[in-house]
Structure formats: structure tokens, C-alpha cells
2 protein chains.
Amino acid sequence: MSILSKTLQNELWDVAHALADAAGPIALQYFRTSGQDLENKLTYGFDPVTVADKAIEREMRAILAKRRPDDGVLGEEYENSTGTSGLTWVLDPIDGTRGFISGTPTWGVLIAVDAGEGPVLGLIDQPYTGERFAGGFDVASLTHNGHTRDLAVKSCADISDAIAFTTFPEVGTDAEGAAFERVAGQAKLTRYGMDCYAYALLALGQIDLVIEAGLNAYDIQGPIAVVEAAGGIVTDWQGGPAHAGGQALAASDKRVHEQALKLLNS
Amino acid sequence: MSILSKTLQNELWDVAHALADAAGPIALQYFRTSGQDLENKLTYGFDPVTVADKAIEREMRAILAKRRPDDGVLGEEYENSTGTSGLTWVLDPIDGTRGFISGTPTWGVLIAVDAGEGPVLGLIDQPYTGERFAGGFDVASLTHNGHTRDLAVKSCADISDAIAFTTFPEVGTDAEGAAFERVAGQAKLTRYGMDCYAYALLALGQIDLVIEAGLNAYDIQGPIAVVEAAGGIVTDWQGGPAHAGGQALAASDKRVHEQALKLLNS
């Protein structure tokens, strides 16, 4: 991170917030509409692509083309570009499309900047609740309707005290689901259905574990930046880097992270 | 309902809103605190009682003692009183305590008035998102940050197009869980973890089914009033009244309700 000047860091934050500012109003135009367009595209077992998703990513790419033309872009909806700056914007216009279509305010706009070895900054933005979780370059904050507070994970010495989240009870493959169940069986409480919002809750100090599988890079880079900035840990299920996607294990406390890793691999 | 005068109806609405107005700020004092008090009371498998729950119910009961002294009160936390008016206030200060403790904005303050055969009005209030869902006496509305819109369920001709919600993947007993799985297996999409908020989404026209078991009267009377006012159906799993608690099946459309009933009992 230290290779990026303070000026560049500020510029990247400005652009990241501009992207989120542009995304929110578009997402809210489509949120909680009766939208047959949305519903028709939902096929069970397949991550649905919504009209909103595409409209937001187009807008974000237009902003990046103007303000950061030399950076790469990795998005959910359109072709990737590598850029020449060594920086890549990693975008998920609407993470949690099933929640979006169902009307739950737990989806998010995910924005991250990858400097080559994972995200150096990230945002999880929830336009309906007016919450923006930010992490990177010494920032770890939640801004809610104009008020900003610091993010910090909570401590958790043992998995028997942990609150664990995952998006679906049927996590990934059968083997992955069984591995998740080994962790859930030891946790104090397991909850479902939050998508990226679960990582935001972990960064807020509310919960202890988020365990997912089958992710893409754009699903996890924003969450990694926010969780790590708040003092948490995100790895894959082997304890290695998670920023390329696949499996993710996010933890509030390294003790619980270690215990969960062991259970996932036992 | 017609036995209650318009004046009385207005009075009941005024009091119901006064209760919700009093409850919200107390709930928010305790929401997203590090609160060891809250965490210590959470035992997995047992619905946790929080400090906030009790503080809110005390305040609501104080308001009712002053403004509606002849009505009964059925609450989650304190002793029931039957009253002499034939009306009973049915109160769940925080429905979805597990979500509350986890920091998700999907719990709610539930308020209903039971005139003897179920609720004649109900509120589902979510103070963090600023949403108040109201149903009863020709009202079916969502007020969000000062803006009010009508609630109306959506149509859904077949369960293969239905979005189904329940709070836990492990619904009720093993037999109840298996019955739920028969419905979920036919639905387009199944989501978890929303508690009372799922009924609000059904009344909003976002989803089609909510299926739960093991409920108390105070968990379901507010949701029944809101869903029915929006044009939906709430019964138990045999098609009978659900307002006393136990099993609940809420549906947007009578066709999907019938299909779900058959699957639950097949």
C-alpha cells in the first residue's frame, strides 16, 4: 500500500465514492418495483442478472473511463480490461441479487481497487438503508445518513461464542456444505441470507464469521477491504488469499479463524 | 371490524403509532451496541430475551395503562391482562432478536389489536430503516422516512413462480422441516433469516410465501393484520386461523396458498 502516494490514495477514494454515489440512485429506481423484467431473469440456482446491474455497471465504467482511464476494470456484467496503471477496479453493481429481487435491504454495491495482490480499498454501499461501509488506506468507517463512525471487529476467543453467517444453507458443493455444517454446529448462532451485508456486520463488530463458497473476485474484494481495515481476517478455506474468489472465510478474531479453518478441513 | 366505531378506530391507530414511536428510540439505543448484556442472554436454540425487549414493553404498557386502561395486554415479556373492553393489545417489542443481536436491520416492533377473533389492526415497525408497515381498518401502508405508499400483494398463479421465506432452514420440528422442504423444493427461490420482515415484504408485493412454525400469538398478529390488509392470506398449515400462534402460512395469492397447503400436508 505504501507504494501509492497519499495524493493517489485520496484520488482513488474520491473516485470510489463517486462510483457509489452514481450507483445508488440507479439501484433504487429498480428496487421494489414489481419489475417483470427482473423476475423473468431469475432462474433458481443461477445468479440472476438484473436490468439494474447492467445499468449501474455501465455508469460506473463511464466514470472510470473519464477519471481513471489507465486503470483496469473487472466487473460482473461486461468485458474486463487490464489497464496500464497496475490498478484494477473490481465492481459488483448489485451483490445479493436474490435479496434485491425479494425486497430485502441487505444487498450492496461493491467497489474495490486491486493493486495486484488484492484490494487496497473497498466500499460496501447499501443505498436503501443509506449505509456506506469503507475500508482501506487507514480508513475503516460506516457512514449512515451523514453520520460517520469507525468500524472495528469484536474479539471472540472461542467459536462457541461466535455468530456465523452464510448466504445459503446449501453452501457450495455437498462437501463444502458439510464443511460449513461442521463450523455452524460449533457456533453460538448461525444466520443466513445476507450476502455482502454479512461482511459489513463483521466489520461493525456484530458477528464473528462469514463462510461462503463459489464466489467471484467481484463478490469478495470489497468485503475483504472493509473487513481487513476493521481488523478482521479474510482467507480462503485453506488460509490462503481469497481475493480471486472461490471460498471465503472471514473472521473477527484470529482464534476463531483458526478454529473455523480446522473444522472446515477436518 | 364494523362493530368498532370510526372514532374508536382512529383512537386505536393513534395509540398504536404512539406505541411504535416510543419503542423505536429505545430499540435503537440497544441496536448495534457491543452489549455484553445482550450477548450473555443469547443461548442458541432459545429465543433470547434482551434488555431492550423488556425496556420497550414496559414503556408500551405504561402508555396503554394511561390511554387504554380497559384493554387487555398480551406481551412477550410480562404478565398478560385480559381487560374489560374486549380489545387486547398484542405486543412483541423486538421480533427477530437473533437478527437484532447480529446487527441486521430486519427485526421489528410488532403491535396488534385483537378484537377477539384475531387482529383488527397491526404494525410492523423497523426503526433503523425508518419503515413502518401498517394494516387494518382500510389502511394498508408503508411509511418510510415520512413518505407513505400503499401496500398490495402481488399475484402469483403458480408456486413455481413463488419466492418463499422462512426464518430458519430448520423450521420447527423435523416433520415441520420436511413439510417446509416440500414447498421450498417447488418454489422459484427460497430465502431465510428475515423474521417479521418477511411478512412486510409479502405485503409490499415482493414475495409470495412465508412459512413458519413454533410461533407465539405476539409473533404473528401484527404480521397477519398487515398481510391481510394488503390483500394476502395468513392461515395455519391446515388452512385455519393463525392468530393464536403455532404454524403460519402467509401467501400473496390464494392459488399459491392452496398449492402450499397441499404440499405441507402431503
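Descriptive notes on the structure:
- Scope segment B:71-80; condition surrounded by fewer than 16 Cβ atoms within 10 Å (Cβ to Cβ) and not in a loop (DSSP other than H, G, I, E, B); matching residues: none
- Of all residues in segment B:106-119, those that are open to solvent by 10 Å² or more (accessible area, probe 1.4 Å) have Cβ atoms under 6 Å from Cβ atoms of residues that are in a strand (DSSP E or B), 6 or more apart or on another chain, in B:Asp114/B:Thr88; B:Asp114/B:Val90; B:Pro119/B:Ala112.
- Going through (1) under 22 Å from B:Leu74 (Cα atoms); (2) open to solvent by less than 20 Å² (accessible area, probe 1.4 Å) one by one, B:Gln247 falls short only on (2).
- Some residue of segment B:237-247 being touching a helix residue (DSSP H, G or I) at 6+ places or on another chain (Cβ under 8 Å), more than 19 Å from B:Ile94 (Cα to Cα) and part of a strand (DSSP E or B): yes
- B:Pro127 satisfies every condition listed in (1) open to solvent by less than 20 Å² (accessible area, probe 1.4 Å); (2) of a type outside the set (A, V, I, L, M); (3) within 14 Å of chain A (Cβ to nearest Cβ) except (1).
- Flag for A:Arg149 being out of contact with any Ser or Thr (no Cβ under 6 Å at 6 or more places or on another chain), facing chain B (nearest Cβ under 10 Å), of a type in the set (Lys, Arg) and over 25 Å from A:Glu57 (Cα atoms): yes
- Hits in segment A:200-209 - residues which are assigned to a loop (DSSP other than H, G, I, E, B), touching a strand residue (DSSP E or B) at 6+ places or on another chain (Cβ under 7 Å) and within 11 Å of A:Ile163 (Cβ to Cβ): A:Ile207, A:Asp208
- Some residue of segment A:118-137 being at pLDDT below 95 and not β-branched (Val, Ile, Thr): no
- Restricting segment B:140-164 to residues that are free of Cβ contacts under 8 Å to residues at least 12 places away in the same chain and of a type in the set (S, T, N, Q) leaves a set whose member that is surrounded by the fewest Cβ atoms within 10 Å (Cβ to Cβ) is B:Thr148.
- Filter pass, A:Ala179 being more than 19 Å from the chain's Cα centre (by Cα) and open to solvent by less than 20 Å² (accessible area, probe 1.4 Å): yes
- For A:Gly172: the one exception among (1) surrounded by fewer than 21 Cβ atoms within 10 Å (Cβ to Cβ); (2) modelled with pLDDT of 95 or more: (2)
- Count of residues meeting criterion [surrounded by fewer than 24 Cβ atoms within 10 Å (Cβ to Cβ) and small (Gly, Ala, Ser)] in segment B:188-212: 1
- For segment A:177-199, residues that are in a helix (DSSP H, G or I), free of Cβ contacts under 8 Å to residues at least 60 places away in the same chain and not acidic (Asp, Glu) total 4.
- Residue under evaluation A:Thr167, criteria (1) closer than 30 Å to B:Arg132 by Cα; (2) surrounded by fewer than 16 Cβ atoms within 10 Å (Cβ to Cβ); (3) touching a residue at least 24 places away in the same chain (Cβ under 8 Å), criterion not met: (2)
- Only a single criterion out of (1) open to solvent by less than 10 Å² (accessible area, probe 1.4 Å); (2) at negative phi is not satisfied by A:His257, namely (1).
- Among all positions in segment B:9-25, there is no residue which is at pLDDT below 95, open to solvent by 50 Å² or more (accessible area, probe 1.4 Å) and over 27 Å from A:Leu151 (Cα atoms).
- Picking from residues in segment B:169-214 that are of a type in the set (Ser, Thr, Tyr) and touching a Ser or Thr at 6+ places or on another chain (Cβ under 7 Å), the one that is nearest to the other protein chains (Cβ to nearest Cβ) is B:Tyr192.
- Once segment B:108-152 is narrowed to residues that are under 16 Å from the mean Cα position of the chain (by Cα) and assigned to a loop (DSSP other than H, G, I, E, B), the residue that is nearest to B:Leu261 (Cα to Cα) is B:Gly118.
- Within segment B:250-266, residues that are modelled with pLDDT under 95 have Cβ atoms under 7 Å from residues that are of a type outside the set (Gly, Ala, Ser) and in a helix (DSSP H, G or I) in these pairs: B:Ser266/B:Arg182, counting only partners at least 6 apart in sequence or on another chain.
The values are calculated or read from the model by the stated rules, or taken from the named source; none is laboratory data. Since the model is a prediction, treat every value here as computed from it, not as a measurement. Glycine gets a Cβ as well: all are built from the backbone with ideal geometry, and neighbour counts include every protein chain shown. Please note that ligands, DNA and RNA were not included when accessible areas were found on the heavy atoms of the full protein model with its side chains. Shrake-Rupley method; radii C 1.70, N 1.55, O 1.52, S 1.80 Å.
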